[in-house]
Amino acid sequence: MSEQTIYYEDYEQGHVRLTSGRTITETDFVVHAGHTGDFFPHHMDAEFAKTLPGGQRIAHGTMIFSIGVGLTASLINPVAFSYGYDRLRFVRPVHIGDTIRTRVTIAAKEDDPKRPRAGRVVERCEVINQRGEVVLAADHILIVERKPEGTNQ
C-alpha cells in the first residue's frame, strides 16, 4: 500500500481503474457467516442450494461488497475520507470459485455544502466477475480537500 496526496481538483470525471482479482472460496462463506450470523441455507446448505436456479450456494451480498471495496484499498490519500456508500445493488449472484475484481469510475464531482474547503467525489464501484458481468454496484462518496489557496500543486 502506498500514500499519495490527490486533491479534489486532481480527480478527473470518467477516469477508470481496475483492481486485481480475488477468487471467492468456501472459507470466505464460512468466515463471513460466522462474522454476521447469516447462516441462511442459500449461502450455507449445498443440498438446499441444488434446488435454486443456479444449483449452487450464493455468496452473501455483504461479503461481496466487503471484498469488492477491500480490493480498492491500495492507496492512502491523506486529504480524502470516505463519507459512505449510496445506491448499493446486488446485481448477479456470486458462487464459490468465481473471481471478482472492482472497476472504479469517477462518476461525479460536486461542492460539499458543509465544507467549503472540500468537495465530494463519487466513485462508481462495480464488482465484476471473471466473465466481465457486473455482480454488485455502489457509489462511494469521498470528501476530498481542495488544494490550498495560492498553490498550483
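The values are calculated or read from the model by the stated rules, or taken from the named source; none is laboratory data. Keep in mind that this is a model prediction, so the values were computed, not measured. Note that each Cβ is placed from the backbone with ideal geometry, even for glycine, and that neighbours are counted across all protein chains shown. These area figures cover heavy atoms from the full protein model, side chains too; ligands, DNA and RNA do not enter into them. Shrake-Rupley method; radii C 1.70, N 1.55, O 1.52, S 1.80 Å.
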Sole residue being aromatic (Phe, Trp, Tyr) and either more than 18 Å from residue 38 (Cα to Cα) or open to solvent by 70 Å² or more (accessible area, probe 1.4 Å) (or both), chosen from 90, 65: 90
Residue match in the range 49-56 (condition: open to solvent by 40 Å² or more (accessible area, probe 1.4 Å), in contact (Cβ under 8 Å) with a residue 40 or more places away in the chain and touching a Ser or Thr at 6+ places or on another chain (Cβ under 9 Å)): no
Tally, over the range 22-44, of residues that are of a type in the set (Ser, Thr, Tyr), open to solvent by 60 Å² or more (accessible area, probe 1.4 Å) and not in a helix (DSSP H, G or I): 1
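For (1) open to solvent by less than 30 Å² (accessible area, probe 1.4 Å); (2) among the polar types (S, T, N, Q); (3) in contact (Cβ under 8 Å) with a residue 60 or more places away in the chain, each residue gets a yes or a no:
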site: 69; (1), (2), (3): no, no, yes
site: 83; (1), (2), (3): no, no, yes
site: 95; (1), (2), (3): yes, no, yes
site: 113; (1), (2), (3): no, no, no
site: 119; (1), (2), (3): yes, no, yes
site: 125; (1), (2), (3): yes, no, no
Residue pairs meeting the criteria (Cβ under 6 Å; at least 6 apart or on separate chains; first of a type in the set (S, T, N, Q), in the range 18-43; second open to solvent by 60 Å² or more (accessible area, probe 1.4 Å)): 19/101
Residue list for the range 1-21, filter: outside any loop (DSSP other than H, G, I, E, B) and open to solvent by 50 Å² or more (accessible area, probe 1.4 Å): 2, 3, 9, 10, 16, 17, 18
Unique residue being among the aliphatic types (A, V, I, L, M), over 12 Å from the mean Cα position of the chain (by Cα) and modelled with pLDDT of 95 or more when the list is 79, 104, 69: 79
Residue count for the range 122-138, restricted to those that are in contact with a helix residue (DSSP H, G or I) (Cβ under 7 Å, 6 or more places away or on another chain) and either within 15 Å of residue 17 (Cβ to Cβ) or at pLDDT below 95 (or both): 2
Some residue of the range 138-147 being open to solvent by 40 Å² or more (accessible area, probe 1.4 Å), assigned to a strand (DSSP E or B), charged (D, E, K, R) and under 16 Å from residue 7 (Cα atoms): yes
Top-ranked residue of the range 127-137 - restricted to ones that are surrounded by fewer than 17 Cβ atoms within 10 Å (Cβ to Cβ) and in contact with a strand residue (DSSP E or B) (Cβ under 9 Å, 6 or more places away or on another chain), ranked as farthest from residue 88 (Cα to Cα): 130
